[in-house]
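Notes follow the structure.
The values are calculated or read from the model by the stated rules, or taken from the named source; none is laboratory data. It should be emphasised that the depicted structure is a prediction, and the values quoted were computed from it without experimental measurement. Here the Cβ is made from the backbone with ideal geometry for all residues, glycine too, and neighbour counts use every protein chain on show. Just the protein is used for accessible areas: all its heavy atoms, side chains included, with ligands, DNA and RNA removed. Shrake-Rupley method; radii C 1.70, N 1.55, O 1.52, S 1.80 Å.
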Amino acid sequence: FHADGRGEWLALRHDEAGLDAAAGFADQAEVLIKTRLAADARGATKLDRTEWVAVHPARAEVAVTLTNNTGRKSADAANPRAPNPHGHILRWRPDGADHAADGYAWDLFVLAGDPQAESPTERGNQPLVNAANTDAAFSSPDGLAYDRRGLLWIETDVSTGKLWHPELAPKQTGYRVFGNNQLLVANPDTGELRDRKS
């Protein structure tokens, strides 16, 4: 994922670009088994806990959830927060609307978090539209699927150890704004997100 909004797929082939026995890849099978290590060796963009990938039903567009990464030390275009406690969603569109193309255009669809948070690493960039007309926050996007209309459904997966538990207050405060895990829907054309009660 290049900073200019362009991207390219890198081939992971044995005996090419340093993917050889000297680097710990005895054959193509080891390249496939050690895919993440092979991608690192090729210089692929490291993403923040990639979870689900979804393909739009009517056009060449793909979305991916990056749940979070509190261990990230430095930001880049595709991972704009360090650390990234609440995750984000990226999209890409393959060149020529061909999923087999080597190149693509990409964008940051949404940064999860609380739109009202003071800290930039905690702040979401897209307020949700909800029944109360308030900025509903969400964290840790995970499950992802486009429906037949092209709407993007997003399921969150904040770990049970971080979910808000009223019985633990005031010891636990950091994730109170998120409440429970959620099911959200987004319009990929407008960027509007709604919660399940809207």
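Of note:
- Residues (part of a loop (DSSP other than H, G, I, E, B), open to solvent by 10 Å² or more (accessible area, probe 1.4 Å), under 15 Å from Asp107 (Cα atoms) and touching a residue at least 60 places away in the same chain (Cβ under 8 Å)) located in region 57-79: Ala77
- In region 1-24, the residues that are under 11 Å from Arg42 (Cβ atoms) and in a loop (DSSP other than H, G, I, E, B): Trp9, Leu10, Ala11, Leu12, Arg13, Glu16, Ala17, Gly18, Leu19
- Restricting the first member to region 1-18 and to residues that are touching a residue at least 60 places away in the same chain (Cβ under 8 Å), and the second to residues that are in a loop (DSSP other than H, G, I, E, B) and loosely packed, with under 13 Cβ neighbours inside 10 Å, the beta-carbon pairs closer than 7 Å and six or more apart or on different chains are Glu8/Asp102; Trp9/Asp102.
- Against the numbered list (1) open to solvent by less than 60 Å² (accessible area, probe 1.4 Å); (2) touching a residue at least 24 places away in the same chain (Cβ under 8 Å); (3) aromatic (Phe, Trp, Tyr), Phe25 comes up short only at (2).
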